[in-house]
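Q: For reference, the structure I am asking about is given below.
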Amino acid sequence: MEDGQGAAPATGATAPDGGRAGEIGRQAGRGLRWSVLGNLVMKAGSFVMSLVLARLLVPEDFGVYAIALAASQFVLYVNDAGVIAAVVQWRGRLEEIAPTATVVAIASSAALYGVFWVVAPYFAEMSGNEGATGVIRVLSATNLVYGLTAVRSAALMRRFQQDRLTRANLVGFCVNAPVTIGLAAAGAGAYSFAWGQLAGAAVTGVLVVLFARVRISAGLDRAVAGRLLVFGLPLCVSLGIEGVLLNADSVIVGDTLGAAPLGFYLLAFNISSWVPGLVGTAIRYVALPGFSRLAEEDRESLSRGVGRVVPLLVSVVLPIAVVLGTLAPSVVALLYGERWAPAAEVLRFLAILMVVRMLAALAVDILAAMGETRSTVWLNLGWAVALVPALMTGARVDGIRGAAIAHAAVALLVALPLTALALHRAGVAVAPLASALVRPLLGGALAAAVTTALAHVTPDIPFVRLCVAGGAGTLAFVLLVVPRAELGRLAGRVAGSLTAGTRPVTPGPEPTEEENR
């Protein structure tokens, strides 16, 4: 039997304070805190690892890795046939579907790995580097691990047990980092990335199975499999298209311009992915289960939840995008050195893409929570149809800068309107969202103006320019966007913390043995 501790309460249960929606919010908030903490630690570790690898490897190695990563990430999006999302969104008990979902996820991941083993040479050749074939095959093997553990990962997310997922991922990273760096130092080149990730994924998978406490069993109930696939396959197709959206630029830039320019492009794309990887991934861990539970209540509760989350997300991400966009040369020079300077012009435009990516990803999770998985297909398909020719044209006309401009333009002019339309057609109140976003957008414009103006009068020292110009722009955003009452409460807390340190401390009683425990 499945361990029931921490399982989501049955539909219709009420919490004593705030009702069912309030209880969902508290569970999701706890899960989000753990997800953000875990991602913060992992991103900090990944950043340190990237600094080391940038000095051990050459841009061509990063380019080969980018090609392999594009292949493996595409497989990852369609790897489990949508089983994870289907299990999280399932309205009944987990025991009803776990055996069938396990079989479907394992069969799907194994079949896809076999297919990509065969097509790896053709994918590498299409991407402009036949030497990436072996790296693709090793890196894609991580998806076999994800297929084996899909239902257990979904069980942890469904119960809002992100603390256990966080611990498993952190231990996996602690294996990944030394393996990758050690192999890079030994001259393994792009293979160091692949073997490091595979080792880390294997350790994480073992821990997920142990933490989930879901009985290991396999079976195939055709009725359950049909329901899983009706929900999961459209979402699987949508996420596969999302994989194209995230990785088409690597393939097109590599094929059009070669491995070295692709290395510069990848570095900029990685920087622009820090916030989606840190905040966006953490939100996605809780967005689907949280909005799924709200959708069980009524559409009005869901719309209220969306109306709170979207403006908050924009208010967190927009000032970061402004700093990355306006001070891109300083960011790249400070972190990676002058030899990576060509990546700065790419980063300016990918900062715009960063904001749209996070909003679109959140919209996909909202639609999936509502059972509107077919809408996610049309959203991502429309984006991809516009993006691919735009990237080809941009790369040929203006190199890696042109590809970045194309990416940003399609995101703003195509993806955002499609996102709003999909939410509106699903029944989410979009008009209140538009009015709630006015102040954050004005704050972003003010922050960009302040940052740009100060960058022209600040010494051309990356750290100084980021602190002075970037800090002033961020402060301007906060003063305009954050309500005065909230600023007042924050100032009061800071003042209280400072004055508390100057007060005499009165010794209290010694802690009891129970308190020490």
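Q: So residue 216 passes all but one of these: (1) under 28 Å from residue 386 (Cα atoms); (2) out of contact with any helix residue (DSSP H, G or I) (no Cβ under 6 Å at 6 or more places or on another chain); (3) among the aliphatic types (A, V, I, L, M). Which condition number does it fail?
A: (1)
Every residue, every condition in (1) outside any helix (DSSP H, G or I); (2) of a type in the set (A, V, I, L, M); (3) within 30 Å of residue 92 (Cα to Cα), yes or no:
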site	(1), (2), (3)
199	no, yes, no
209	no, yes, yes
225	no, yes, yes
231	no, no, yes
236	no, no, yes
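Q: Let me spell it out: the conditions are (1) under 26 Å from residue 35 (Cβ atoms); (2) touching a residue at least 12 places away in the same chain (Cβ under 8 Å); (3) more than 17 Å from the chain's Cα centre (by Cα), and residue 262 meets all of them except one. Which number is the exception?
A: Checking residue 262 against (1) under 26 Å from residue 35 (Cβ atoms); (2) touching a residue at least 12 places away in the same chain (Cβ under 8 Å); (3) more than 17 Å from the chain's Cα centre (by Cα), the one that fails is (1).
Q: Which one of 217, 153, 192 is small (Gly, Ala, Ser) and under 27 Å from residue 380 (Cβ atoms)?
A: On the way: 217 fails: under 27 Å from residue 380 (Cβ atoms); 192 fails: under 27 Å from residue 380 (Cβ atoms).
Residue meeting the stated conditions: 153.
Q: While we're on this one: In this structure, does residue 19 turn out to be at pLDDT 70 or above and either touching a strand residue (DSSP E or B) at 6+ places or on another chain (Cβ under 6 Å) or open to solvent by less than 40 Å² (accessible area, probe 1.4 Å) (or both)? Let's see the steps before the verdict.
A: Values: at pLDDT 70 or above: no; either touching a strand residue (DSSP E or B) at 6+ places or on another chain (Cβ under 6 Å) or open to solvent by less than 40 Å² (accessible area, probe 1.4 Å) (or both): yes.
Here the answer is no, as residue 19 does not meet what is asked.
Q: Of all residues in segment 80-107 being within 23 Å of the chain's Cα centre (by Cα) and either of a type in the set (A, V, I, L, M) or modelled with pLDDT of 80 or more (or both), which is nearest to residue 142 (Cα to Cα)? Please lay out each step first, then the result.
A: Going residue by residue through segment 80-107, those that are within 23 Å of the chain's Cα centre (by Cα) are 80-90, 105.
Next, only the ones that are either of a type in the set (A, V, I, L, M) or modelled with pLDDT of 80 or more (or both) stay: 81, 83-88, 105.
Numbers: 81: 16, 83: 17, 84: 16, 85: 19, 86: 21, 87: 21, 88: 22, 105: 14 Å.
Among those that are within 23 Å of the chain's Cα centre (by Cα) and either of a type in the set (A, V, I, L, M) or modelled with pLDDT of 80 or more (or both), it is 105.
Q: Just wondering, is there one or more residues in segment 122-141 that are under 19 Å from residue 31 (Cα atoms), hydroxyl-bearing (Ser, Thr, Tyr) and modelled with pLDDT of 80 or more?
A: Restricting attention to segment 122-141, the residues satisfying the condition of being under 19 Å from residue 31 (Cα atoms) are none.
The answer is no, given that none of the residues of segment 122-141 is under 19 Å from residue 31 (Cα atoms), hydroxyl-bearing (Ser, Thr, Tyr) and modelled with pLDDT of 80 or more.
Q: Restricting to segment 186-223, what's the tally of residues that are open to solvent by 40 Å² or more (accessible area, probe 1.4 Å) and small (Gly, Ala, Ser)?
A: Residues that pass the stated criteria total 5.
Q: If we scan segment 418-430, do we find a residue that is touching a Gly at 6+ places or on another chain (Cβ under 8 Å) and in contact (Cβ under 8 Å) with a residue 40 or more places away in the chain? Give the steps one after another, and end with the answer.
A: Going through segment 418-430, the residues touching a Gly at 6+ places or on another chain (Cβ under 8 Å) turn out to be 418, 429.
In the following step, the residues that additionally are in contact (Cβ under 8 Å) with a residue 40 or more places away in the chain were identified as 418, 429.
Checked segment 418-430: at least one residue is touching a Gly at 6+ places or on another chain (Cβ under 8 Å) and in contact (Cβ under 8 Å) with a residue 40 or more places away in the chain.
Q: Show the residue pairs that are 6+ apart or on different chains and have beta-carbon atoms under 6 Å apart, the first residue being within segment 234-249 and in contact (Cβ under 8 Å) with a residue 40 or more places away in the chain, the second being open to solvent by less than 20 Å² (accessible area, probe 1.4 Å) and acidic (Asp, Glu).
A: Taking only residues 6 or more apart or on different chains, not a single pair turns up.
Q: Moving on to the next point. Cβ-Cβ distance below 9 Å, separation of 6 or more or different chains: which pairs start in segment 204-222 with a residue that is free of Cβ contacts under 8 Å to residues at least 60 places away in the same chain and farther than 8 Å from residue 168 by Cα and end on one that is open to solvent by 90 Å² or more (accessible area, probe 1.4 Å) and not in a helix (DSSP H, G or I)?
A: Listed by first residue and then by second, the contacts come to nothing, as the list is empty.
One line per residue, one yes/no per condition, for (1) surrounded by fewer than 20 Cβ atoms within 10 Å (Cβ to Cβ); (2) touching a Leu at 6+ places or on another chain (Cβ under 7 Å):
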{"residue": "111", "(1), (2)": "yes, no"}
{"residue": "114", "(1), (2)": "yes, no"}
{"residue": "117", "(1), (2)": "yes, no"}
{"residue": "131", "(1), (2)": "yes, no"}
{"residue": "136", "(1), (2)": "no, no"}
{"residue": "156", "(1), (2)": "no, yes"}
{"residue": "170", "(1), (2)": "yes, no"}
{"residue": "184", "(1), (2)": "no, yes"}
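Q: Another question about this same structure. Can you name every one of the helices (runs of 4 or more DSSP H) wholly within segment 113-162 that holds 1 or more residues which are without any contact (Cβ under 8 Å) to a residue 40 or more places away in the chain? Outline the logic, then answer.
A: Working: elements: 133-140, 142-148, 150-158.
Fully inside segment 113-162 and qualifying: 133-140, 142-148.
Q: Only residues in segment 48-77 that are among the small types (Gly, Ala, Ser) count as the first member; pair them with residues that are open to solvent by 20 Å² or more (accessible area, probe 1.4 Å) and not in a helix (DSSP H, G or I), Cβ under 7 angstrom, at least 6 apart or cross-chain, and list the lot.
A: Close Cβ pairs satisfying both conditions: 63/129.
Q: Something else now. Among the residues of segment 386-417, count how many are charged (D, E, K, R) and without any contact (Cβ under 8 Å) to a residue 24 or more places away in the chain.
A: Total meeting the criteria: 1.
Q: Among residues belonging to segment 395-413 that are out of contact with any Leu (no Cβ under 8 Å at 6 or more places or on another chain) and among the aliphatic types (A, V, I, L, M), point out the one that is surrounded by the most Cβ atoms within 10 Å (Cβ to Cβ).
A: We begin by selecting, within segment 395-413, every residue out of contact with any Leu (no Cβ under 8 Å at 6 or more places or on another chain); these are 396-398, 401-402, 405, 409, 412-413.
Keeping just the survivors that are among the aliphatic types (A, V, I, L, M) gives 397, 405, 409, 412-413.
Details: 397: 12, 405: 21, 409: 17, 412: 14, 413: 11.
Ranking the qualifying residues of segment 395-413, first place goes to 405.
Q: Being out of contact with any strand residue (DSSP E or B) (no Cβ under 9 Å at 6 or more places or on another chain), within 30 Å of residue 91 (Cβ to Cβ) and not aromatic (Phe, Trp, Tyr) narrows it down to one residue among 435, 375; which is it?
A: Numbers: 435 fails: within 30 Å of residue 91 (Cβ to Cβ).
Testing whether each residue is out of contact with any strand residue (DSSP E or B) (no Cβ under 9 Å at 6 or more places or on another chain), within 30 Å of residue 91 (Cβ to Cβ) and not aromatic (Phe, Trp, Tyr) leaves just 375.
Q: Kindly indicate whether any position in segment 205-216 is closer than 30 Å to residue 58 by Cβ and of a type in the set (A, V, I, L, M). Walk me through how you get there before you give the answer.
A: Let us first name the residues in segment 205-216 that are closer than 30 Å to residue 58 by Cβ, namely none.
Checked against the condition, which is being closer than 30 Å to residue 58 by Cβ and of a type in the set (A, V, I, L, M), segment 205-216 yields no hits at all.
Q: Still on this structure, I have one more. Being aromatic (Phe, Trp, Tyr) and under 17 Å from residue 51 (Cα atoms) is the filter here; which residues of segment 171-211 pass it?
A: Pass one, segment 171-211, residues aromatic (Phe, Trp, Tyr): 173, 191, 193, 195, 211.
Selection gives 173, 193.
Q: Cβ-Cβ below 7 Å, separation at least six or inter-chain, first residue in segment 452-469 and closer than 13 Å to residue 335 by Cα, second open to solvent by 60 Å² or more (accessible area, probe 1.4 Å): which pairs?
A: These pairs meet every condition: 462/334; 463/334; 466/334.
Q: Determine whether segment 50-70 contains at least one residue that is more than 22 Å from residue 143 (Cβ to Cβ), at pLDDT below 75 and crowded, with 23+ Cβ neighbours inside 10 Å.
A: No, segment 50-70 contains no residue that is more than 22 Å from residue 143 (Cβ to Cβ), at pLDDT below 75 and crowded, with 23+ Cβ neighbours inside 10 Å.
Q: Let me ask something else. Which pairs turn up if I take residues in segment 186-200 that are in contact (Cβ under 8 Å) with a residue 60 or more places away in the chain and look for partners that are of a type in the set (A, V, I, L, M) with beta carbon separation below 6 Å, at least 6 apart in sequence or on another chain?
A: 190/64; 190/135; 192/183; 192/184; 194/135; 194/138; 194/139; 198/141
The values are calculated or read from the model by the stated rules, or taken from the named source; none is laboratory data. Keep in mind it's a predicted model, so treat the numbers as computed, not measured. Virtual Cβ from ideal backbone geometry, glycine too; neighbours counted across all protein chains shown. Quick note on the areas: whole protein, heavy atoms, side chains included, nothing else; ligands and nucleic acids left out. Shrake-Rupley method; radii C 1.70, N 1.55, O 1.52, S 1.80 Å.
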